[in-house]
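Since the structure comes first, as structure tokens, the remarks are kept for the end.
The values are calculated or read from the model by the stated rules, or taken from the named source; none is laboratory data. Just so it is clear, the model here is predicted, and its values are computed rather than measured. Heads up, the Cβs are rebuilt from the backbone with ideal geometry, glycines too, and the neighbour counts pull from every protein chain shown.
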Amino acid sequence: MSFLNYLINGLSLGSIYAIIALGYTMVYGIAKMLNFAHGDFIMVGSYIIFTIVSTLGLPPGVGLLVAIILCTLLGITTEKVAYKPLRHAGSPLAVLITAIGVSYLLENVALLIFGADTKAFSSMISWSGVSLAGGRLKIQGFTLVSIIVGILILIFLQLFINKTKSGQAMLAVAEDKGAASLMGINVNKTITLTFAIGSALAAVAGALMCTAYPSLTPYTGAMPGIKAFVAAVLGGIGSIPGAMIGGLVLGVIEILGKTYISSQLSDAIVFGILIIVLLVKPTGILGKKIQEKV
Amino acid sequence: MKKLTKQQKSNLITLAMVVCFYLICEIFIRTGLMSSHLKGLLVPLTYYAIAAVGLNLCVGILGELSLGHAGFMCIGAFSSSIFSVMTRDALPTVPRFILAFIIGVAMTALLGFLIGIPVLRLNGDYLAIVTLAFGEIIKNILNAVYMGVDDKGLHLSLKDAASMGLDASTGKKIINGAMGITGTPSDSNFTIAIIILLVSLIIVQNLVQSRDGRAIMSIRDNRIAAESTGINVTKYKMLAFTISAAIAGAAGVLFSHNISTLTAQGIYFGYNASIMLLVYVVLGGIGNIRGSVIAAMILYVLPELLRGMDKYRMLIYSIVLIVMMLFNWSPKAIEFRQNHLSKFSKRFRKEAAR
């Protein structure tokens with residue numbers, strides 16, 4: 001039964017990674033850039049919720065809503081100010097370094113406002129969870145909530161991309177920017193929309209993550225951001241179901257590795273799995289193989 | 001005397017610049033004009049310049065984005081430090097440091113070669129993330145490993161210091177898990193660091209000018225075209241990647257012999273440190289070796305000099321970084337510069353000619 005418990009915990013952590021990875025993968029698929037600042041949007045979202053819930057004493061739902069709105073605005077602003085001018089720059093590295101600059105900026109603004117000390121994040125979910133099999137298998141409330149939220153977001157995104165016009169526009173822009181703009185798609189607007197969705201997802205992930213691990217510092221978002229990026233690559237970057245699978249696999253491996261092999265080496269195990277998968281399947285689990293042509 | 005080409009002249013200027021920098025610093029140190037805080041920064045800024053030169057070989061000349069060079073620094077630092085600690089009492093300073101340096105660089109080159117075999121099969125962002133993964137694995141393992149030596153030989157453990165089973169009387173702990181290596185002799189100094197920087201500059205400059213270097217750059221410009229003209233892509237990629245790793249390892253050796261306690265912390269050897277090196281390379285100009293040296297030196301010293309405004313220094317640094325990237329790389333800013341600023345310089349030049 002304890003194995004099953006760890007597995008469920010892993011799925012819960014995996015859903016959080018998956019939600020972050022969805023943001024990564026969408027932005028990468030459409031803007032073809034690694035948004036290194038994505039992890040810090042999680043941190044920003046968490047601080048907003050922390051301020052509203054703990055300092056102002058408003059209900060968590062309000063906090064989440066405000067965090068989603070503010071993170072979305074922040075994402076759009078960042079894209080407009082820092083990334084858009086570099087979209088046609090000579091080297092793709094230019095926008096990558098700018099994203100790193102944005103990441104430093106967000107971390108240090110948070111450091112100035114909230115200080116370096118760890119903030120205790122009060123749980124947003126009061127549900128104590130369920131116990132199955134006569135109390136031997138206990139599933140905590142936030143574990144179930146994060147898994148359910150992850151699945152809902154996946155379904156929502158799949159529907160959005162496949163059934164709506166904006167979603168189809170995203171697919172088209174991801175495929176070929178030039179051709180998409182010739183077909184009358186507003187490429188700039190589509191990219192902005194992608195950033196908006198990605199940042200909103202980061203806020204949701206921030207809420208879930210700080211419920212699961214209730215300690216908040218300006219650097220909280222960095223490592224989950226990197227891990228989620230690894231998850232996105234693992235699943236095949238640019239693919240939405242891939243990001244979900246990658247996130248879940250990563251979460252389960254991390255928790256099981258921590259429990260059964262070594263708690264210190266869990267990160268090494270996670271990265272090791274990524275290397276092995278990429279060597280066998282160089283574009284990730286669900287990635288498309290692109291034939292290079294002259 | 002043979003006439004120098006433009007490239008050779010530029011290379012000599014780079015070397016002369018480093019020598020001038022060294023001489024100026026020496027004069028300042030001798031006359032006591034340099035504060036001890038600034039003096040302490042000289043070796044670090046030199047080894048970061050070395051690491052940036054190494055990374056530029058990978059990013060600029062080979063054209064593959066690596067986010068794991070801090071991991072290579074880590075390997076160089078730890079392998080040389082282990083040797084130095086073990087032979088601390090047995091060998092005099094000079095041969096000990098030379099041997100430690102050779103061991104550090106050789107170990108890093110070997111590991112760079114081994115990592116290169118799988119990594120260089122990938123390309124683009126996938127390669128970047130795998131180098132990041134390798135860097136993190138190196139850091140993670142070195143954080144967890146315990147190593148000691150006694151008269152029976154080496155002992156290793158991944159659990160804790162006690163489970164190594166060291167002999168109580170003759171045993172000596174070398175790597176103490178996350179506490180790292182203590183007691184590395186501080187054998188490196190500014191002069192040695194500058195010599196190593198000059199040597200790595202000469203190696204990279206000669207490589208770039210050689211037939212091998214042209215082959216490497218042709219792979220960067222168009223892999224398929226290079227392959228179809230009979231260039232062995234894998235061989236040259238491995239060559240550049242291994243040399244690049246070895247240079248980062250050399251920087252690592254200087255790193256570990258400059259501080260008393262060596263730990264595999266994220267700020268020194270994690271992906272953040274690799275990204276910092278990448279920032280040096282990109283701001284200095286991708287593929288521009290001289291630029292890397294200048295950028296590394298300025299960008300390393302800048303946040304340290306801003307220590308007076310402690311709270312705001314990283315904030316200022318990040319804003320400077322973003323603005324510089326926008327100004328340097330945005331097509332609109334480049335156009336603006338060409339339209340407005342070049343007029344000034346042209347007019348200025350014309351007037352000067354008159």
Considering the stretch B:244-280, residues that are away from chain A (no Cβ under 14 Å) and surrounded by fewer than 24 Cβ atoms within 10 Å (Cβ to Cβ), and then whichever is modelled with the lowest pLDDT, we arrive at B:Ser260
Would you confirm, using the coordinates I've provided, whether A:Ile255 is out of contact with any Leu (no Cβ under 8 Å at 6 or more places or on another chain) and aliphatic (A, V, I, L, M)? no
Select, from B:Asn189, B:Asn123, B:Asn176, the only residue that is polar (S, T, N, Q) and within 13 Å of chain A (Cβ to nearest Cβ). B:Asn123
How many of the residues in the stretch B:159-198 are touching a strand residue (DSSP E or B) at 6+ places or on another chain (Cβ under 9 Å) and within 29 Å of B:Ala51 (Cα to Cα)? 10
Determine which member of the set A:Gly141, A:Gly134 is modelled with pLDDT under 90 and on the phi > 0 side of the Ramachandran plot. A:Gly134
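Does the stretch B:55-65 include one or more residues that are small (Gly, Ala, Ser), assigned to a helix (DSSP H, G or I) and farther than 19 Å from B:Ile203 by Cα?
No, that holds for no residue.
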Residue pairs within 9 Å by beta carbon, gap of at least six or interchain, first lying in the stretch A:110-121 and at the interface with chain B (Cβ under 10 Å from one of its Cβ atoms), second exposed (fewer than 11 other Cβ atoms within 10 Å of the Cβ), listed first then second, are A:Leu111/B:Lys311; A:Leu112/B:Lys311
Might you let me know whether the stretch B:51-67 holds any residue that is surrounded by fewer than 23 Cβ atoms within 10 Å (Cβ to Cβ), under 30 Å from B:Lys172 (Cβ atoms) and within 20 Å of the chain's Cα centre (by Cα)? no
Somewhere in the stretch A:73-96, is a residue more than 14 Å from chain B (Cβ to nearest Cβ), surrounded by fewer than 22 Cβ atoms within 10 Å (Cβ to Cβ) and under 20 Å from the mean Cα position of the chain (by Cα)? yes
Hey, any hits in the stretch A:242-258 for a residue that's farther than 28 Å from A:Ile197 by Cα, out of contact with any Pro (no Cβ under 8 Å at 6 or more places or on another chain) and either basic (Lys, Arg) or surrounded by fewer than 20 Cβ atoms within 10 Å (Cβ to Cβ) (or both)? yes
For the stretch B:79-128, give me the residue count where each residue is modelled with pLDDT of 90 or more and touching a Leu at 6+ places or on another chain (Cβ under 6 Å). 1
What pairs come out if I take residues in the stretch B:105-129 that are at positive phi and pair them with residues that are modelled with pLDDT of 85 or more whose C-beta lies under 6 Å away, six or more apart or interchain? none
In this structure, is B:Ala144 within 12 Å of chain A (Cβ to nearest Cβ), among the small types (Gly, Ala, Ser), touching a Gly at 6+ places or on another chain (Cβ under 7 Å) and touching a residue at least 12 places away in the same chain (Cβ under 8 Å)? yes
Can you confirm whether A:Ala99 is in a helix (DSSP H, G or I), aliphatic (A, V, I, L, M) and either more than 14 Å from chain B (Cβ to nearest Cβ) or under 26 Å from A:Ile161 (Cβ atoms) (or both)? yes
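Of the residues B:Ala273, B:Ala250, B:Ala240, which single one is among the hydrophobic types (A, V, I, L, M, F, W, C) and within 18 Å of B:Met217 (Cβ to Cβ)?
B:Ala240
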Testing B:Met297 on (1) in contact with a Leu (Cβ under 6 Å, 6 or more places away or on another chain); (2) not in a helix (DSSP H, G or I), one condition comes back false. Which one is that? (2)
Confirm whether B:Thr87 is of a type in the set (Val, Ile, Thr), surrounded by fewer than 19 Cβ atoms within 10 Å (Cβ to Cβ) and closer than 26 Å to B:Gly177 by Cβ. yes
Does any residue of the stretch B:89-98 turn out to be in contact with a helix residue (DSSP H, G or I) (Cβ under 8 Å, 6 or more places away or on another chain) and polar (S, T, N, Q)? no
Considering only residues that are touching a Phe, Trp or Tyr at 6+ places or on another chain (Cβ under 9 Å) and farther than 19 Å from B:Ala77 by Cβ, look in the stretch B:163-175 and name the one that is surrounded by the fewest Cβ atoms within 10 Å (Cβ to Cβ). B:Ser163
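Name the residue, out of A:Val249, A:Val204, that is at pLDDT 90 or above, over 30 Å from A:Asp117 (Cα atoms) and under 16 Å from the mean Cα position of the chain (by Cα).
Step by step, each of A:Val249, A:Val204 is checked, and only A:Val249 is at pLDDT 90 or above, over 30 Å from A:Asp117 (Cα atoms) and under 16 Å from the mean Cα position of the chain (by Cα).
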Hey, A:Tyr6 of a type in the set (Phe, Trp, Tyr) and in contact (Cβ under 8 Å) with a residue 12 or more places away in the chain or not: yes
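Does A:Leu65 qualify as being modelled with pLDDT of 90 or more, out of contact with any helix residue (DSSP H, G or I) (no Cβ under 7 Å at 6 or more places or on another chain) and more than 12 Å from chain B (Cβ to nearest Cβ)?
It is true that A:Leu65 is modelled with pLDDT of 90 or more, out of contact with any helix residue (DSSP H, G or I) (no Cβ under 7 Å at 6 or more places or on another chain) and more than 12 Å from chain B (Cβ to nearest Cβ).
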Matching residues, the stretch A:184-234, being within 14 Å of chain B (Cβ to nearest Cβ), among the β-branched types (Val, Ile, Thr) and either more than 15 Å from A:Ser46 (Cα to Cα) or in contact with a Leu (Cβ under 8 Å, 6 or more places away or on another chain) (or both): A:Ile226, A:Val230, A:Val233
Only one residue in A:Ser263, A:Ser181 is surrounded by fewer than 19 Cβ atoms within 10 Å (Cβ to Cβ), within 14 Å of chain B (Cβ to nearest Cβ) and of a type outside the set (D, E, K, R). Which one? A:Ser263
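Which of the following residues is surrounded by 21 or more Cβ atoms within 10 Å (Cβ to Cβ) and either assigned to a helix (DSSP H, G or I) or free of Cβ contacts under 8 Å to residues at least 60 places away in the same chain (or both): B:Leu305, B:Leu315, B:Leu283?
Exactly one residue qualifies, and that residue is B:Leu283.
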Residues of the stretch B:30-50 being among the hydrophobic types (A, V, I, L, M, F, W, C) and surrounded by 13 or more Cβ atoms within 10 Å (Cβ to Cβ), which ones? B:Met34, B:Leu38, B:Leu41, B:Leu42, B:Val43, B:Leu45, B:Ala49, B:Ile50
So which pairs qualify, if the first residue must be in the stretch B:322-335 and more than 7 Å from chain A (Cβ to nearest Cβ), the second must be buried (at least 16 other Cβ atoms within 10 Å of the Cβ), the Cβ gap must be under 6 Å, and the two must be at least 6 apart or on different chains? B:Phe327/B:Ala333
Please note which helices (runs of 4 or more DSSP H) are completely contained in the stretch A:183-271 and include at least 3 residues that are touching a His at 6+ places or on another chain (Cβ under 9 Å). A:187-212, A:222-235
Looking at (1) surrounded by fewer than 24 Cβ atoms within 10 Å (Cβ to Cβ); (2) within 12 Å of another protein chain (Cβ to nearest Cβ), find the lone condition where A:Asp40 falls short. (1)
